[in-house]
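Worksheet: the structure to be examined is printed underneath.
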Amino acid sequence: MSQISLALANQIIVAALKAAREKNFQQLTVVVLDAGGHMVALQREDNSGILRVEIATGKAYGALGFGISSRNIGANNTDRPAFMAAVSSAADGKMIPVAGGVLIKNDDDNIIGAVGVSGDNSDNDEIAAIAGIEAAGLTAA
């Protein structure tokens with residue numbers, strides 16, 4: 001498998017939201033992007049905030065852009081605010097460098113997309129993203 005199908009993206013989202021409900025997380029928004037940064041699927045739970053689509057997308061987009069999780073983008077660049085400002089400008093403000101954006105890898109260890117989650121604290125967003133990816137039989141990175 002070298003790409004994310006709509007069916008697979010929906011499977012990831014359903015599993016991420018199921019994990020969030022089981023853990024009593026706040027209402028989430030979950031997006032799946034393909035490896036080129038194009039949206040494949042998105043779901044926003046009832047009462048998830050109005051900016052959550054943009055935040056979830058920015059987390060996934062940043063992960064794809066750097067080739068690492070959005071958590072690691074933020075952690076690796078805390079002492080480089082000028083660099084992060086330049087990257088944000090280069091990405092037209094589309095990147096959110098906090099936990100919740102996770103790469104999706106296939107069995108061949110190739111990046112085939114990313115999941116972005118927003119709605120709870122960033123750690124919980126990341127937990128839901130990883131749960132969705134793993135439930136689909138893929139690897140979270």
message: Considering only residues that are polar (S, T, N, Q) and over 28 Å from Ala135 (Cα atoms), which ones fall in the range 77-121?
response: Asn77, Thr78, Ser88, Ser89
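Residue by residue, here is whether (1) surrounded by fewer than 24 Cβ atoms within 10 Å (Cβ to Cβ); (2) of a type in the set (Gly, Ala, Ser); (3) modelled with pLDDT of 95 or more holds:
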| residue | (1), (2), (3) |
| --- | --- |
| Gly100 | no, yes, yes |
| Ile111 | yes, no, yes |
| Ala114 | no, yes, yes |
| Gly137 | yes, yes, yes |
message: Under 9 Å between Cβ atoms, which residue pairs at least 6 apart in sequence (or on different chains) link something in the range 127-141 that is at positive phi with a partner that is at pLDDT below 95?
response: Gly137/Asp107
field: Matching residues, the range 69-91, being free of Cβ contacts under 8 Å to residues at least 40 places away in the same chain and closer than 21 Å to Val30 by Cα
entry: Asn72, Ile73, Gly74, Ala91
- request: Scan (1) touching a residue at least 12 places away in the same chain (Cβ under 8 Å); (2) within 16 Å of Ile13 (Cβ to Cβ) for the single condition Asp123 breaks and write down its number.
  value: (2)
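For the range 54-108, how many residues meet the condition of being among the basic types (Lys, Arg) and under 18 Å from Asp125 (Cβ atoms)?
Initial filter on the range 54-108 (among the basic types (Lys, Arg)): 59, 71, 80, 94, 105.
Those still in the list that are under 18 Å from Asp125 (Cβ atoms) too: 59, 71, 94.
Residues meeting the conditions: 3.
I'd like the full set of residues that are among the acidic types (Asp, Glu), part of a helix (DSSP H, G or I) and under 18 Å from Asn47 (Cα atoms), limited to the range 120-141.
The answer is Asp125, and nothing else.
I need the helices (runs of 4 or more DSSP H) fully contained in the range 1-119, keeping only those with at least 1 residues that are aromatic (Phe, Trp, Tyr), more than 11 Å from the chain's Cα centre (by Cα) and at negative phi.
Working: elements: 6-22, 52-66, 70-76, 81-90.
In the range 1-119, the matching helices (runs of 4 or more DSSP H) lie at 52-66, 81-90.
The values are calculated or read from the model by the stated rules, or taken from the named source; none is laboratory data. Predicted, not measured: the structure shown is a model, and the values here were computed from it. Positions of Cβ are backbone-derived with ideal geometry, glycine not excepted, and every protein chain shown enters the neighbour counts.
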